[in-house]
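Here is the structure we will look at.
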Amino acid sequence: MRAIIDQSRSADAPYSVVKVFSDKPDAAGLEAARSLGVEAQALIPKTADRAAYDRELGDAIGGCSPSLIVLAGFMRILSPQFTTQFAGRILNIHPSLLPKYPGLHTHRRALEAHDVEHGATVHFVTEQLDGGPRVIQARVAVMAADDETSLAARVQAQEHRIYPLAVRWYCGGRLRYGEGQAWLDGRLLREPVQFTGAEN
C-alpha cells in the first residue's frame, strides 16, 4: 500500500489514492495511510455474514467512485456479489507464481516443494480465489539457506515494484479486463508479463 501511495506522488502518475479501508481497526496500514495524507477507515464486520459485510463495504467504496480497487493485505475472501459489482476493477497481489500455491502459506509451500524459484503475481480479482486473469509476475531464486522469513522478504521487495506498475498500467488506460481476460495495450495476455527489473 505504501509503495502504491508513494508512487502516486510522482509527477507523471496517472492515479491518486482516494481512500484506504481495512476490516481491522488496528491495521498498521490505516495509520500509515493517514501519515501519508490519505483518508483511511476501519470498516469492522458486525456479524459473520460475509455477504452483509461485502454489501456495506461495496456501498462505502462505491461512495468514493473509484476507477480501481487495489487489495493490499486484505485477507478476507470477497463474495461473488462484491466481485461482480466491481468486475474488472479489482487488482490483487499474491505471493506466489500463480497458478501455483493459491491461498495461504505460499512461502512455506514453495520451500517444502524444493522449488528453485518463487515470486509474486498481480491478478484481476474474480470470485475464484486467486484465480483471476494474471497480469504480471516477478520471480526470485530460492536459496539453499532460505527460510520463510528470508524468502518472503525478497518476494515482498518485488511486490513493491510490480504492484504499482500494474496500477499505473490500469489507470493509464493500458491494462483492461474484458471477456474474462486481461488485456495490455490491446493485446490479450495469454501469459502474465514477466518483470525483468525495467518498467514496461
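Read the figures in this text as sums done on the coordinates, not as results from a lab. Computed from a predicted structure; not experimentally measured. Counting neighbours? That spans all protein chains shown, and the Cβs are built from the backbone with ideal geometry, glycine included.
General observations
- Shape category assigned to region 116-200 from the gyration tensor of Cα positions, a/c cut at 1.5: prolate
- Taking the convex hull of the alpha carbon positions in the chain and averaging its projected area over all directions gives 11.6 nm².
- If you take all other residues with their beta carbon under 15 Å from the beta carbon of T47, and give Lys and Arg +1 and Asp and Glu -1, the sum is 0.
- Contact order relative to length of the chain, as percent, for alpha carbon pairs under 8 angstrom and 6 or more apart: 17
- Between the amide H of G119 and those of L97, V140, distances stay under 5 Å, these residues lying 5 or more places away or on another chain, with hydrogens modeled in the peptide plane.
- For region 2-194, with +1 on Lys and Arg beta carbons and -1 on Asp and Glu, the positive-most of Q128, G173, P95 along the dipole: G173
- Taking the DSSP bridge list for the chain and keeping only pairs wholly inside it, about 65 percent are antiparallel.
- The convex hull of the Cα atoms of region 59-145, projected and averaged over all directions, covers 6.0 nm².
- Counting neighbouring beta carbons within 10 Å and listing from fewest to most, the residues M75, M1 come out as M75, M1.
- The HN-Hα couplings worked out from phi for region 99-109 by the Karplus form 6.51 cos²θ - 1.76 cosθ + 1.60 (θ = phi - 60°) are x, 6, 6, x, x, 9, 6, 5, 5, 4, 5 Hz, whole numbers, x standing for Gly and Pro.
- Rounded to the nearest 500, the 222 nm mean residue ellipticity of the chain from helices alone is -10000 deg cm²/dmol, with -39,500 (n - 2.57) taken per DSSP H run of at least 4 residues.
- Applying a DSSP loop filter and a limit of 13 other Cβ atoms within 10 Å to the trypsin sites (Lys or Arg not before Pro) in region 96-200 leaves R190.
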